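See structure below.
The values are calculated or read from the model by the stated rules, or taken from the named source; none is laboratory data. Note that the structure is a prediction, hence the values are computed from the model and not measured. We place every Cβ from the backbone using ideal geometry, glycine too, and count neighbours over all the protein chains shown.
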Amino acid sequence: MHYAGGSGSGPVSHATIRIWIHGRDLNKLEQMVLDGHGERLLNETAGSNRVNKFLTSVRPLMIRIRELHSAAINGDSAKVEAMTEGQSRLLTSKDQNGLTILHKAAALGHRTIVETSLGTVRDQKDEPDNDGYTPLFYAAASQNKEIYDLLVKAGADVNRVDKRKKTAEHYREHPKEMPMQHVYQLPDAPRNSGDSLGVPDGPNRRRSVSTDRHQGGDGGQAAKGKRSTSRRETDQASSDAAAAAQARLSEQDVTPGQVDVWIRQGDLEKLEQVLVDGHGDALEGKTAWNEQARNILKVAPTYMVRWMVERGW
């Protein structure tokens, strides 16, 4: 982490975060988000309008970073370039394991994204993740000589060692020692609706724009008593219901291969939706490296029993 101006610093205390907020140190606060720890700022407030404006932007920034990493994993170089145009610092963003999109692109052989990262951000080539692995380590472990040579040509340090005192070359010979599952991990990000990332509370749970928009009005309006639903609200609810129905996953959507992709990418929303839409049997026998995804897979059988009971099956 780079909070104190250098990789490898320890976790930042809440007291330090408050000092940065009171001192209006937006650079350090932004670095927290880029380093994959934006969730620690989600409930913070500030006396400064400028800092409050930044704190309000943390949630969408985290979602944007997650989307960027997803594009990098999928090799969507056009999307990566579009999302980082004029915002090159996003290329330095990390997930909870400390991987940047350069680590992931190097591991997966996405040459254009590797070149974009190397050509846009200085010193990315030797950036370590939490285990001390640089992008060169991932290229070596994936046996991708083209990407490995590209990184070396860009100046990547072949003599650099990880926390186990091993060089990248060691993992070319022993690729199974590298945690390659980390490559598919997406950065944490809050749900757009503000929900937790856990398993849904019930089979009919569905995000609703009308609920988000109209739930919990101000105290002055509440004191006037419950108002009848307006025609505009009714139309909005109908529109939301139609959109939700259209968004439901069909059996054709939930193929074994597609489920495996969602699990690898840690796409918790899709895995939850598989359960909500009654396709929990597609998760049977699946395993995941992502702890939150594992939790969803673990409760899937129980959830499906409840889902069927509530429908009288």
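Going through L55, L26, L91, L42 one at a time, which residue ends up being surrounded by 21 or more Cβ atoms within 10 Å (Cβ to Cβ) and in the same structural domain as A168 (by TED's automatic domain parsing)?
Numbers: L55 fails: surrounded by 21 or more Cβ atoms within 10 Å (Cβ to Cβ); L26 fails: surrounded by 21 or more Cβ atoms within 10 Å (Cβ to Cβ); L42 fails: surrounded by 21 or more Cβ atoms within 10 Å (Cβ to Cβ).
Selected residue: L91, the only one of L55, L26, L91, L42 that is surrounded by 21 or more Cβ atoms within 10 Å (Cβ to Cβ) and in the same structural domain as A168 (by TED's automatic domain parsing).
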(message) Tell me the residue from V158, V114, V183 that is among the β-branched types (V, I, T) and in a loop (DSSP other than H, G, I, E, B), please.
(response) V158
(request) Check G119 against each of (1) in contact (Cβ under 8 Å) with a residue 12 or more places away in the chain; (2) in a helix (DSSP H, G or I) and name the one condition it does not meet. (result) (1)
(message) List the residue pairs whose Cβ atoms are under 7 Å apart, where the first residue sits in the stretch 72-85 and is touching a residue at least 60 places away in the same chain (Cβ under 8 Å), the second is not hydrophobic (A, V, I, L, M, F, W, C), and the two are 6 or more positions apart or on different chains.
(response) I73/K104; I73/Y184; I73/Q265
(message) Looking only at residues that are touching a residue at least 40 places away in the same chain (Cβ under 8 Å) and either β-branched (V, I, T) or part of a loop (DSSP other than H, G, I, E, B) (or both) in the stretch 122-155, which one is surrounded by the fewest Cβ atoms within 10 Å (Cβ to Cβ)?
(response) D131
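Can you confirm whether G109 is modelled with pLDDT under 95 and on the phi > 0 side of the Ramachandran plot? It would help to see each step written out before you state the result.
Values: modelled with pLDDT under 95: no; on the phi > 0 side of the Ramachandran plot: yes.
Against the criterion (modelled with pLDDT under 95 and on the phi > 0 side of the Ramachandran plot), G109 does not qualify.
Can you name every residue in the stretch 53-103 that is β-branched (V, I, T), closer than 21 Å to M180 by Cβ and assigned to a helix (DSSP H, G or I)? Walk me through it before giving the result.
So the first thing to find is which residues in the stretch 53-103 are β-branched (V, I, T), and the list is 56, 58, 63, 65, 73, 80, 84, 92, 100-101.
Filter once more, keeping what is closer than 21 Å to M180 by Cβ: 73, 80, 100-101.
The answer is I73, V80, I101.
Residues to consider are E30, E44; find the one that is in a loop (DSSP other than H, G, I, E, B), closer than 22 Å to D95 by Cα and at pLDDT 90 or above.
Numbers: E30 fails: in a loop (DSSP other than H, G, I, E, B).
Going through E30, E44 in turn, just one is in a loop (DSSP other than H, G, I, E, B), closer than 22 Å to D95 by Cα and at pLDDT 90 or above: E44.
So that you can scan it fast, the table gives a plain yes or no per residue for (1) of a type outside the set (S, T, N, Q); (2) more than 20 Å from Y184 (Cβ to Cβ):
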| site | (1), (2) |
| --- | --- |
| F54 | yes, yes |
| S57 | no, yes |
| R64 | yes, no |
| S70 | no, no |
| I73 | yes, no |
| A78 | yes, yes |
| M83 | yes, no |
| S88 | no, yes |
| L91 | yes, no |
